[in-house]
Ligand code: PEP
Ligand code: MN
């Protein structure tokens, strides 16, 4: 249920509505849009009745939301959410490219990559210090040492850092070093972890689980928002299908679909989405055409020597080529009839 306040509602009236709803055992979440103030009713709504709320002063409308997610829905917040990370904005219409190696392997590797991707137009640096590997015998990441190298790379280049957190107990540690905390596909439904990142004041990059439906994906984002953190960037990274020629199938359908049902920004990961270097560039471009707010791409100065995900990692030359294509595509999309993207 959402309560839409009238444009002339006073602060006092808003407080009254919030207090009334909370006295009935539910929780509230206020969204202050440009035009309207909307109060989301979440939690235990058993005693909350529409009729009682509709008559309170300042209330314009009470709307039931039939979808299982609320705070992430367009009904709750009509305008797009823009996630701000330093000077970078994700979701403002200008696609943002996040690039870097799958794993942080050492100080030189990450600093060198950071300098190279920045030169080519990346605005954020990626790199895993805690790695979710399918096999326990694969490289598990450098842990805190890796976080220190990421910090060094940020100091050297000014690039803001995106890195994965795998355990609720590590959230505080990772948040000390990272500008954006990534929740990986395998942890999309680690609810304890989602709640933990919901309590911090840093943006979260939430990757779609490899077999998650759109509703499950959005409900995972809802966990984070319901704990108070609304700086969530969704990320499509491919799902498991029956095809055998690629690691995953990049579900680009989900991009315009997310835009329709949610206000959150969505970026696309064509590296994990395909698992094959030669597919990364075409799918990256397709993602932008589909309306993605950005890309996250694996890049390494010597891809064949990558300690993880070598097959899907771009070289600096390939990344250079991708960025040139991205720039001309973005220019074309801006210049071209905007109506192809309007509804
Ligand atoms: C990664 O970004 O390196 C990663 C492990 O991604 P995903 O969780 O999407 O597999
Ligand atoms: Mn990877």
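The values are calculated or read from the model by the stated rules, or taken from the named source; none is laboratory data. Owing to the predicted nature of the structure, the values given are computational and were not obtained by experimental measurement. Please note: Cβ atoms are built from the backbone with ideal geometry, for glycine as well, and neighbour counts cover all protein chains shown.
Quick check on region 61-76: of everything there that is over 16 Å from residue 226 (Cα atoms) and surrounded by fewer than 16 Cβ atoms within 10 Å (Cβ to Cβ), which residue is modelled with the highest pLDDT? Looking at the filtered set, the residue picked out is 61.
Going through region 109-118 one residue at a time, which ones are within 16 Å of ligand 2 (Cβ to nearest atom), touching a helix residue (DSSP H, G or I) at 6+ places or on another chain (Cβ under 7 Å) and over 19 Å from residue 89 (Cα atoms)? The one that is within 16 Å of ligand 2 (Cβ to nearest atom), touching a helix residue (DSSP H, G or I) at 6+ places or on another chain (Cβ under 7 Å) and over 19 Å from residue 89 (Cα atoms): 110. Note on region 233-303: enclosed helices (runs of 4 or more DSSP H) holding 3 or more residues that are under 14 Å from residue 80 (Cα atoms) and in contact with a strand residue (DSSP E or B) (Cβ under 8 Å, 6 or more places away or on another chain) are 254-261. Of all residues in region 222-250, those satisfying the criterion of being more than 16 Å from ligand 1 (Cβ to nearest atom) and more than 13 Å from the chain's Cα centre (by Cα) are 223, 226, 227, 228, 242, 243, 244, 245.
In the list 266, 296, which residue meets the criterion of being buried (at least 19 other Cβ atoms within 10 Å of the Cβ) and within 12 Å of ligand 2 (Cβ to nearest atom)?
On the way: 266 fails: within 12 Å of ligand 2 (Cβ to nearest atom).
Of the residues listed, the single one that is buried (at least 19 other Cβ atoms within 10 Å of the Cβ) and within 12 Å of ligand 2 (Cβ to nearest atom) is 296.
Between 91, 106, 121, the distinction of being away from ligand 2 (no atom under 16 Å from the Cβ), under 30 Å from residue 311 (Cα atoms), surrounded by fewer than 15 Cβ atoms within 10 Å (Cβ to Cβ) and in contact (Cβ under 8 Å) with a residue 40 or more places away in the chain belongs to 106 only.
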